[in-house]
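The values are calculated or read from the model by the stated rules, or taken from the named source; none is laboratory data. As the structure is a computational prediction, the values presented were derived from the model and not from experiment. Here the Cβ positions follow ideal geometry from the backbone for every residue, glycine too, while neighbour counts run over all protein chains shown. The protein model used for the area step is the full one, side chains on, heavy atoms only, and it has no ligands, DNA or RNA in it. Shrake-Rupley method; radii C 1.70, N 1.55, O 1.52, S 1.80 Å.
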Amino acid sequence: MISQHNLISRTRKLFQGLFGIVKCRRVIVWILLCVTCGCSEFGPSYRISQKQRIVNEIRTKTALDLHKNYGLQPFGTGAQMMDEVWMLALSFIYDKPIDIDGGRVLLVHAVEEFLSQINKDERIRPYLGCYPFAPKNVEIRIFLRNPDHSTIESGKLSFLAAMHGGCQYESAGRLPADCMIHKESFAEAHWKVHSLELNPNVHQDTRTPL
């Protein structure tokens, strides 16, 4: 039985391997076409539902805004919406090595933007399993690589995610157990980011004035 952590780690390594093969622009075009058109295993004749169409539009708008404002490159989507919509997900590539503080800022703002787009769209409300959507109802995954598109060196932050109401930060390592650097609740991450924005003299880790 593969644990969720092992699955995420394997997926991250697979994506890192693909980075050297797939050019960024092709990835962006591919994912935006999928989000907009609703790619389906049933082929081009399959007509997507109104629910799926609205979800696609929301994810596309969020992905484009995050790309414009933070340089996050859209890379993938996900959802839990067999009947009602309970979770929506977006994945990104970020071509810049960052530390945990920088990653926390990206995650918090990405989650906030995603939730804003979902909760203000009245068309999606009849399909939501709960309203308003909360941080636990969205997932953001960010795969890091160097500016030259090469893989992040072992031991450095290479993957970060906000999911299940929490944030996690992982390094490039050989074993899943070696990857996890830090975990925190989204509420804690949110507090740190916005406290720092309001008062730069507050240390993110200790929550005490410097």
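Residue 180 to residue 153: extension gain in nm, 0.36 nm per residue of separation minus the Cα-Cα distance?
Taking 0.36 nm per residue and subtracting the Cα distance, the gain is 8.2 nm.
Take the cross-link list 61/183; 68/120; 61/136; 156/183 and give me the ones stretching past 26 Å between alpha-carbons. Over 26 Å apart, Cα to Cα: 61/183. Of the listed residues 131, 169, 70, the order by accessible area with a 1.4 Å probe, largest first, is 131, 70, 169. Of the whole protein surface, residue 180 contributes about 60 Å² of accessible area at a 1.4 Å probe radius.
Once C-alpha pairs closer than 8 Å and six or more residues apart are averaged by separation and normalised to the residue number of segment 61-109, the relative contact order reads 28 percent. The residues neighbouring residue 113, those whose beta-carbon lies less than 10 Å from its own, together hold a net charge of -1 under the Lys/Arg +1, Asp/Glu -1 convention. Straight-line cross-link partners of residue 192 among the aspartates and glutamates, defined as a Cα under 15 Å from its Cα and at least 8 positions apart when in the same chain: 99, 101, 112, 184, 205.
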